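Bear in mind these aren't lab numbers, they're just calculated from the coordinates by the rules spelled out. Just so it is clear, the model here is predicted, and its values are computed rather than measured. Virtual Cβ from ideal backbone geometry, glycine too; neighbours counted across all protein chains shown.
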Amino acid sequence: MVVLDTNTLILLFSQKNRHQAALVKYLVESKELLCIPDVVLSETEYILDKKYHRTRKEIHKVFQFLIERSNIRLNSYVGQAIQIYRTTSLEMADCLVIAQTKSQSASLATFDKKMLKVSKAKPFFT
C-alpha cells in the first residue's frame with residue numbers, strides 16, 4: 001500500500017510540474033493499492049481553492065474521481081462527505097466531521113450552527 005500526500009494530488013490536478021504529474025497519474029492509474037488520509041482531502045480542497053482558484057464544482061470532480069478509483073482506499077464515510085460537499089457550502093474538513101459523526105451515530109460537539117443543521121446530529125452542547 002502507498003499513502004498519498006497532499007503534494008501528490010496537487011501535482012496531479014494542477015499540472016504544475018508535468019513530469020511529476022505524469023508520475024502521479026501513472027501511480028493512480030496503476031493497480032497499486034493507494035490510501036488517502038482524510039486530512040489530505042481537506043488540504044487538497046484548500047490548496048485547489050485558494051492557490052489555484054478552482055471552483056467548487058471542479059474540486060467536487062476531483063473528489064469524485066478519487067472515490068471512483070477501485071485502487072484508492074478512503075474511510076467508509078468519505079463518500080457521504082463528498083455528497084455533503086456537493087450539496088452545501090461547507091468546507092471539506094467540516095463535511096468529513098459531519099460524515100464521521102453520522103457514520104458513528106454520535107453527537108457533535110460544535111457551536112457551528114450550520115454544521116449542526118446539516119448534520120442533524122444531536123448537539124453535545126445544549
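Descriptive notes on the structure:
- Taking amide H positions as modeled 1.01 Å from N, with prolines and chain starts lacking one, the residues under 5 Å from R54 and 5 or more places away or on another chain are D49.
- In this label model, R56 and S105 are separated by 3.2 nm, measuring between points 7 Å along each Cα→Cβ vector.
- Per-residue packing, averaged as other Cβ atoms within 10 Å, sorts the ranges 113-119, 90-96 into the order 90-96, 113-119, beginning with the highest.
- Nearest 10 degrees, 0 to 90: helix 78-87 Cα axis against the chain principal axis: 80 degrees
- Option label - Cα extents along the principal axes in Å computed here, alternatives [x] 53, 30, 19; [y] 71, 31, 21; [z] 49, 45, 29: [x]
- CD proxy at 222 nm, helix term only [per DSSP H run n ≥ 4: -39500 (n - 2.57); per residue of the chain; nearest 500]: -18000 deg cm²/dmol
- Degrees between helix 56-68 axis and first principal axis of the chain (Cα, 0 to 90, nearest 10): 80 degrees
- Subset of K16/K113; K16/K102; K16/K120; K25/K114; K50/K117 violating a 29 Å alpha-carbon distance limit: K16/K113; K16/K102; K16/K120; K25/K114
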